[in-house]
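The values are calculated or read from the model by the stated rules, or taken from the named source; none is laboratory data. Note that the structure is predicted; figures quoted are calculated from it, not measured. Every residue, glycine as well, gets a Cβ built from its backbone with ideal geometry; the counts of neighbours run over all protein chains shown.
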Amino acid sequence: MATVIKRQKVEDEKPSTSKQCRIKMSKAKKNAQNAEFSTDWDVEAYRTEYESEEHWELRRDFMLAHKDRFDEDRLVCLAQTFINIEFMGCKYPAETMQLVAELSRDIAEEFRKNRAQRLQRTFVSASDAAEQRAKGRAAANRPTHSQQERQVQTSSVSQNRLCFGGGEPLNLFEGLRFGNLIIYLAGGRSCLRNACNIAKMKYDERLSETQTDDMSKTADILINDEIIASGRGENPKAAKLAAYKQAVLLLQTHCYSIKLNAARETIKVEKSKNGVNINVTKESADNLCDAKLDASNKGYHMMRLMGWTGGGLGRQKQGREEPVGYLLKNNRMGLGSNDLRGNLADYRKLIENYVNSEDMRDMQFEPTFSKEERATFHQIAGKFGLRSNSYGTGESRRLLITKKISYNIILSEVLTRRNPKFCERYFVQVPMQKAHLFPGNAAALDLENIME
């Protein structure tokens, strides 16, 4: 009961408290106007690298206009509040909104007037261009002075966006320990070696000469003759695997990592009696795993009786782990026959159209195509500069044709341009040093099928 009475008392005092606040705010304004503040601090020091030129100019003008009326910390906060209200429509308490409105009256009016003039010039230029096209003038094909000016402005704005507030373009690799090394998480254990080859760096895995008390082996991973990771195991293969795992985890924190989206869209090409069907699938051939030997297989039990405990074959488990595939023949032609059924000229034109298009998706030829046809598609893809790989065994064998895109372009399109075609296809993890620039890409990527 006492609690209820206390709440009622507080609620009854709200009007007087609000009135007192207004009185205090009024006194604070008067004191701020009469007080003298230090003006020897640098306004330019508050510019951030991700701020656009337009935002910064407006915020800077606000601080310069009132530098002698407020202390440094408060003026910086008021300037940011003004920007939030002007560009994002943020709302604050009435007293704050009124104070910012009074302080920014002249600055905001001039900014809005200039922006309106820029928009008007743009619309007038567009109208002139449309009129010239309608009249069919030959000069319409040549850009006018206003059009050239607008193109320069557009290019400048685009460049500023890429530069995070203007200035020099952002160097994605500045300050990184391993420079331009980019890890493409594909290809299993060979991904680090492939990445170093592309970056023109020396990669090596070697057994350490250091002797240990037990019988275990020690291996080192070296990049440009520098040891970056070490591992220990009961045999050389296990030691190198342990060192490799440590190297991957280290490089993930210091380098950019790229991984294909397993659920990306893929163009599926399938042959039928009625012709060729082209559809879109999200089951790409490089993510359809073949079934390995498991407990449901009779050969599994036979191998176990002979002492097999899993993993690869051989004394050091260095052999293959998957069952040997087979070739299913459904015709009476010889194994070396090159009699391809279907019009290969049409398939060649199909691949050529794919090369000339802006489509980023892979082209996947289904198992309905014969082994000989897939071999021909490999040759056609090579002539067009495409990457081609086969996946699966026997009746599930598929051919995947992919456009070759450099890792630097992938980083630029995903991180800087936010190109939806690339963002849907690739996952990118940025190094720890760049996480503040790209917080949405700081999460670690899954290392499945890479650490074995």
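Would you mind telling me which numbered condition in (1) closer than 19 Å to Lys271 by Cα; (2) not in a strand (DSSP E or B) Leu447 fails?
Among (1) closer than 19 Å to Lys271 by Cα; (2) not in a strand (DSSP E or B), the lone unmet condition for Leu447 is (1).
If we keep just the residues of the stretch 211-235 that are out of contact with any helix residue (DSSP H, G or I) (no Cβ under 8 Å at 6 or more places or on another chain) and either of a type in the set (Asp, Glu) or buried (at least 16 other Cβ atoms within 10 Å of the Cβ) (or both), which is modelled with the lowest pLDDT?
Result: Asp213.
Determine, yes or no, whether Lys29 is surrounded by 14 or more Cβ atoms within 10 Å (Cβ to Cβ), among the basic types (Lys, Arg), modelled with pLDDT under 80 and not assigned by TED's automatic domain parsing to the domain that holds Thr416.
Considered against the rule, which asks whether it is surrounded by 14 or more Cβ atoms within 10 Å (Cβ to Cβ), among the basic types (Lys, Arg), modelled with pLDDT under 80 and not assigned by TED's automatic domain parsing to the domain that holds Thr416, Lys29 comes out as yes.
Counting only residues that are among the charged types (D, E, K, R) and touching a strand residue (DSSP E or B) at 6+ places or on another chain (Cβ under 6 Å), how many does the stretch 387-396 have?
1
Okay, residues lined up against (1) outside the structural domain of His436 (by TED's automatic domain parsing); (2) crowded, with 16+ Cβ neighbours inside 10 Å; (3) at pLDDT 85 or above:
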position: Tyr46; (1), (2), (3): yes, yes, yes
position: Phe70; (1), (2), (3): yes, yes, yes
position: Ala79; (1), (2), (3): yes, yes, yes
position: Met88; (1), (2), (3): yes, no, no
position: Tyr92; (1), (2), (3): yes, no, no
position: Thr96; (1), (2), (3): yes, no, yes
position: Leu99; (1), (2), (3): yes, yes, yes
position: Asp106; (1), (2), (3): yes, no, no
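I'd like to check something: does the stretch 43-53 contain any residue that is more than 25 Å from His436 (Cβ to Cβ) and of a type outside the set (Asp, Glu)?
No.
For the stretch 352-400, enumerate the residues that are under 30 Å from the mean Cα position of the chain (by Cα), part of a helix (DSSP H, G or I) and touching a residue at least 24 places away in the same chain (Cβ under 8 Å).
Within the stretch 352-400, Glu352, Tyr354, Val355, Ala381 qualify.
Restricting to the stretch 390-402, name every residue that is at negative phi and surrounded by 14 or more Cβ atoms within 10 Å (Cβ to Cβ).
If the condition is that a residue be at negative phi and surrounded by 14 or more Cβ atoms within 10 Å (Cβ to Cβ), then Ser390, Tyr391, Thr393, Ser396, Arg397, Arg398, Leu399, Leu400, Ile401, Thr402 are the ones that fit.
Which one is nearest to the chain's Cα centre (by Cα), of the residues in the stretch 181-210 that are in a loop (DSSP other than H, G, I, E, B) and surrounded by fewer than 13 Cβ atoms within 10 Å (Cβ to Cβ)?
Lys200
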